[in-house]
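The values are calculated or read from the model by the stated rules, or taken from the named source; none is laboratory data. Everything numeric in this text was worked out from a predicted model, so none of it was measured. Every residue, glycine among them, receives a Cβ derived from its backbone with ideal geometry; neighbour counts consider all protein chains shown. Only protein heavy atoms, including side chains, enter the accessible area calculation; ligands, DNA and RNA are left aside. Shrake-Rupley method; radii C 1.70, N 1.55, O 1.52, S 1.80 Å.
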Amino acid sequence: MVQLFWGSVVILFGGVILGLIYQGVDRKLAARMQARIGPPIVQPFRDIKKLLVKENIVPENAIPWIYNGAPFLALAAVVTVLFYLPLGDQRPLFSGYGDLILVLYLLALPAVALAIGGFASGSPYAVIGAQREIVMMMSYELPLAAAIVALAWRLDRALPGITAFSLKEIAAHPIWAYLGPLGFIGAILLVGVLLLVMPAELSKIPFDIAEAETELAGGVTVEYSGRNLALLRIADAVKTVVMGALILALFFPYRLGGVLGLAGAAGGVVDTVFFLVKLFLIILIAVTIVRVAAARLKVSQVAYSFWVPLTGVALAGLVLIVLDGLFFM
Amino acid sequence: MEPKGLVESFQARFGQKIRAVRIDEIRSNLGIYSYPVIWFEIDREVLHDAVAHLISFQFPHLATISGRDLGKEIELTYHFSIGYGQRRGEQSVNFRLRVPKADPRVRSICDLVPGALTAEREKIEFLGVQFEGIPDSRNIFLPYGMKEHPWRKDETGVKGAWLE
Amino acid sequence: MARVTDERTYYTIPIGPTHPSLKEPLQFAFDLEGERVVDVEIKPGWNHRGVEVLGMKRNPLQTLYLAERICGICSVSHLIAFSRAVENALGIPVPPRAEYIRVIIAELERIHSHILWAGVAAHELGFDTLLHLTWRVREQVMDILELLTGNRVNYALVTIGGVRRDITKEQEPLVRQALRYYKDLLEMLVDAFLHDPTIELRTRDVGVLSYKDALELMAVGPTARASGVKKDIRVDQPYLAYPALELSPITPDLFRPEIHGDVYDKIIVRLLEIEQAIGLIEQALAKMPEGEIGHATKEEMTELLVQIKEREGEGIGRHEAPRGELFHYIRFQADSEIPILWKVKCPTYSNLMSYRPMFQGAQIADIPIIIACIDPCIACMDRVIVRRDGREEVWTAEQLLAKSWEKTRRLKG
């Protein structure tokens, strides 16, 4: 129990700091790609520090307890997901208390919280932003779920007897070793789907329609200020780490420590560094490069592209993996 | 359309209602080309018909309406041009008319030229001209509800709440 | 702010006078049904300073500085139109070389204005990478303008009866070099804007202005040409040195088979006009005769002022500014150098009416790009003095001035 408590504290603060550092790196790299100088990497920390000392304004026609509660809910949900994910060489802190399905639900929670906060803030911009947030959520949930279910089912098929929906088990048995050629193609499709779901889940360009600076002046977060905005920013940063770590755990849970024959503390350090590098690469590919290279889409275009082509690809991946499971055993 | 022919056509159609005509020939400083600028002075009753007559040549481009306060009257000048779209074919046609300040009514040309709305609304708020049949007579550049007309020479300034 | 009409609920969202997608104050009130725009009400005037009235209290040589500061982006356009209005009213001749120099500066301004617009449009679409790219490449033409005139904006080059500075033999190769730079760049810009899938998704069939609407609502400039209305004063009623140059109005059918009048077409027109401007400057440089450039000395200026005072007349000065037709009308009485009437009409004033049909059936997401697509210049429309601030560092005004002199000297070699 004591270990669990200190583990939570370490993961909570570690996750927040890591998230903010990655946000700083993302901003710097994006700036470099756009031929700008960009802010220093510690800029997100400064932003948070400034926001925390600023006045927390609650609009007149907002519903205060919902409006103030939503940022807490968003942050709490993403941090909880962090407890279920294998980070570095660590096995998940809460392994045994829940599984992948719970993670899926927890991942949906920040978006719901944001939408509720938007509706409760009583601004027309925020209301439109909240509607868009809900549409977004409905759009990316199905491809995300399809990818995860396919993976767990295939693992269960390959290794009967393990609890396939447990992230610990998925991380312990990298999927690629058990796949035939069809399954291999299917899994690659699913990786692609998840890499596209990630910016949508994180509300980054081209899917930042819920915030859309030039249209809605910040959308759902338009009325938020001070501490509440700081919490939302932190939740956003942690969510980036969570999404990256989830994709890593599902598809690339490889470690270096064992390969190099290192054990104990040395192995732990190497694994952690390797994990951070992997996380950086995922964020670079799925967030930074995409947001530098695209324009914002319209909500109808996002809904269409997630419901029709992307869901199609996800289902194709699922079917290929199922066929693989049935015929290439 | 030659400017002379255009003027004759207007004179034949409106007779004495056209009080004066002037054709300026603007020469290019390179000395290779010149274009006409026609100035009509007309009665305010025939403005609508004159614009309709102009439309029968080509749908005209209205740059804007300029206006000034003459004391007892307000002078309006409608700056049209026709012949655009052809190389060196465009000629400017201007209609000038006067309305008494006591009765500053002119028929709106928005039904013929919908794009005249901004210019007419600007004349309403700045000079206090009334356009009959204008679809939207609110202020455009000045705040809604402001009654003063800044371009009138006898205007003494805004009062009361507007100054706060 | 829900409102029930005809048993339907509309939301009204205000955009402006200050909003992230607006660079200058303009107010829109959109009636929305879900994400769809049902109606829009536009209220300009937040920047109105009564510049015309100020101009009716000064002599034209003083008003030159005022006219130039109506707008920062198209400052030379205002100056050209104003000078032409005065020259036409009073019959003041302009030497041919000055007319060519005016064309060169006007076209350089077109290049910088269109590139600036392209960046703003990309930003409205959420494509900040293109914003930073375009604004960086725009620096080249700003440098050339600074080299030729001494200033980045508000060039103070055109005066009544001529121009104030000549383009020297040493400067010509530098201008040509910049033109080559943009020629090479243009292909990349066309590729980045017209072949980018996300930009195509966001701009095709968005903000459509039909030929009929463009004609009847008095659209001007690229807004009108993108809908197929061939209004271009440089061709229709050529002035300055344009009668001697080869050009024809740019319409989107030069790039794709049909004219749709959407935002994509407006991008096509503006990008092709950059190419056209490059060609015009090259022609002007090649054909420019030697000779006088107009009034320059103090005595000549006094002589000009006396002429203005003695003569009477009225004149129209029209100029095809980057955004469309710019119109100055001025009228003088004898024995007074103060004009009795000065009316300025700029492109956005004419294009304002086009907003309503363009917004019909648009989505919220389309609002910023449609607002941007006519390239609105609120300062022009409201006739205000635009001030451009320096960087907010500890630079004092004197230091900044010294810095800018230093840079101008560096440019001059």
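Could you tell me what a quarter of the Cα convex hull surface of the protein assembly as shown works out to, in nm² with one decimal place? Mind dumping the intermediate values first?
On the way: hull surface 178.3 nm².
Mean orientational projected area (the protein assembly as shown, Cα hull): 44.6 nm².
Looking at the stretch C:1-95, the trypsin sites (Lys or Arg not before Pro) that sit in a DSSP loop and have at most 13 other Cβ atoms within 10 Å of their own Cβ are C:R49, C:K57. Taking square-rooted eigenvalues a ≥ b ≥ c of the alpha carbon gyration tensor, is the stretch C:21-128 rounded, prolate or oblate, where a/c under 1.5 means rounded and, failing that, a/b exceeding b/c means prolate? Cα axes put the stretch C:21-128 in the oblate bin.
Mean-square fluctuations from a GNM of chain C, with a 10 angstrom spring cutoff on Cα atoms, peak among C:D262, C:D128, C:D196 at C:D196.
With both labels modelled 7 Å from their Cα along Cα-to-Cβ, the A:L109 to B:R105 distance reads 7.2 nm.
So how much accessible surface do B and C hide from each other in total, probe 1.4 Å, in square angstrom to the nearest 100? Walk me through the numbers before you get to the answer.
Working: alone 9320 and 18390 Å², together 23500 Å².
The B and C chains share an interface burying roughly 4200 Å².
With r defined as the distance between the Cβ atoms of B:R19 and C:S336 and R0 fixed at 30 Å, what FRET efficiency is calculated, to the nearest 0.05?
0.75
Straight-line cross-link partners of C:K345 among the aspartates and glutamates, defined as a Cα under 17 Å from its Cα and at least 8 positions apart when in the same chain: B:E120, B:E122, B:E125, C:E52, C:E68, C:D232, C:E314, C:E320, C:E325, C:D375, C:D382. Solvent-accessible surface of the stretch A:1-121, taken per residue with a 1.4 Å probe and all protein chains present: 53 Å².
In order along the stretch C:10-21, phi translates into HN-Hα couplings of 10, 9, 10, 10, x, 10, x, x, 10, 6, x, 8 Hz, rounded to whole numbers, per the Karplus curve 6.51 cos²θ - 1.76 cosθ + 1.60 with θ = phi - 60° and x for Gly and Pro.
With charges only on Cβ, +1 for K and R and -1 for D and E, what is the dipole size of the protein assembly as shown about its Cα centre, in debye, rounded to 20?
Details: 96 positive and 102 negative charges, 275 e Å.
Computed about the Cα centre, the dipole is about 1320 debye.
Net charge dipole, chain B: roughly 240 debye, given to the nearest 20, about the Cα centre with Cβ charges of +1 for Lys and Arg and -1 for Asp and Glu. When C:W46, A:W176, A:W6, B:W39 are compared by accessible surface with a 1.4 Å probe, the order from highest to lowest is A:W6, C:W46, A:W176, B:W39. Treating each Cα of chain A as an identical point scatterer and summing with the Debye formula, the log10 of I(q)/I(0) at q = 0.07 Å⁻¹ comes to -0.29. The residue list B:Y78, B:V106, B:P143 was ranked by how far each Cα lies along the charge dipole of the stretch B:3-156 toward its positive end, using unit charges on Cβ atoms, and B:Y78 comes out on top. Rolling a 1.4 Å probe across the protein heavy atoms gives the stretch B:33-75 an accessible surface of 30 Å² per residue. Given the options C:P238, C:P44, C:P197, state which has the largest fluctuation in a GNM of chain C using a 10 Å cut-off (strictly under) for Cα springs. Of C:P238, C:P44, C:P197, the Gaussian network model singles out C:P197 as fluctuating most.
Overall, the accessible surface of chain C at a probe of 1.4 angstrom is composed of carbon and sulfur to the extent of 52 percent. Taking 12 Å as the cut-off, no amide N atom of the stretch C:121-141 comes nearer than this to a point 7 Å along the Cα-to-beta-carbon line of C:E187.
Using a 10 Å cut-off on Cβ to Cβ distances, tally the other chain neighbours for every residue of C:309-319 and report the average as a whole number.
Numbers: counts 0, 0, 0, 0, 1, 8, 3, 11, 1, 5, 0.
Counting other chains' Cβ atoms within 10 Å and averaging over C:309-319 gives 3.
For chain C, the equivalent ellipsoid built from the Cα gyration tensor has semi-axes of 36, 25, 21 Å, listed from largest to smallest.
The calculated FRET efficiency for C:Q360 paired with B:S56, based on their beta-carbon distance and R0 = 45 Å, is about 0.90. A Förster radius of 30 Å combined with the Cβ-Cβ distance from A:R36 to A:S225 puts the calculated FRET efficiency at roughly 0.70.
If the limit is 31 Å between Cα atoms, which of A:K28/C:K266; B:K153/C:K231; A:K49/A:K204; C:K23/C:K343 go over it? Exceeds cut-off: A:K28/C:K266; B:K153/C:K231.
Evaluate the charge dipole of chain C about its Cα centre and quote only its size in Debye, nearest 20, assuming +1 on the Cβ of each Lys and Arg and -1 on the Cβ of each Asp and Glu.
Details: 51 positive and 60 negative charges, 181 e Å.
Magnitude of the dipole: close to 860 debye.
Converting phi to 3J(HN,Hα) with the Karplus coefficients 6.51, -1.76 and 1.60 and the offset θ = phi - 60°, the stretch A:10-26 yields 4, 5, 4, 6, x, x, 5, 5, 4, x, 5, 5, 5, 5, x, 5, 4 Hz in sequence order, with x at every glycine or proline. Spacing of the modelled spin labels on A:L12 and A:Y304, each 7 Å from Cα toward Cβ, amounts to 4.6 nm.
Could you tell me the relative contact order of chain A? Use alpha-carbon pairs under 8 Å, at least six residues apart, and round to a whole percent.
Numbers: 505 pairs, mean separation 92.2, N = 329.
Relative contact order, chain A: 28 percent.
Amide H to amide H, with H built 1.01 Å from N, C:M218 comes under 5 Å of B:G115, counting only residues 5 or more places away or on other chains. Among the DSSP beta bridges whose two residues both lie in chain B, what percent are antiparallel, rounded to the nearest 5? The antiparallel fraction comes to roughly 75 percent.
Given the stretch B:80-164, what whole percent of its Cα pairs are spread farther than 15 Å? Could the numbers behind the result be given before it?
Working: 2373 of 3570 pairs.
Tail of P(r) above 15 Å: 66 percent of Cα pairs.
Across the stretch B:3-156, what fraction of all alpha-carbon pairs, as a whole percent, falls in each successive 5 Å bin from zero upward? Over the stretch B:3-156, the share of Cα pairs per 5 Å bin runs 2, 9, 18, 21, 18, 14, 10, 6, 3, 1, 0 percent. Decide, for the stretch C:232-351, between rounded, prolate and oblate: order the square roots of the alpha carbon gyration tensor eigenvalues as a ≥ b ≥ c, take rounded if a/c falls under 1.5, and otherwise choose prolate if a/b is larger than b/c, else oblate. The shape class here is oblate. Under the simplified labelling scheme, the C:E246-A:I185 pair shows an inter-label distance of 5.5 nm, with each label point 7 Å from Cα along Cα→Cβ. In the stretch A:118-141, the residues that give up 40 Å² or more of accessible area when the other protein chains are added, compared with the chain on its own (1.4 Å probe), are A:P124, A:Y125, A:I128, A:R132. The sum of -39500 (n - 2.57) across all DSSP H runs of n ≥ 4, divided by the residue count of the protein assembly as shown, sets its helix-only mean residue ellipticity at 222 nm to -16500 deg cm²/dmol.
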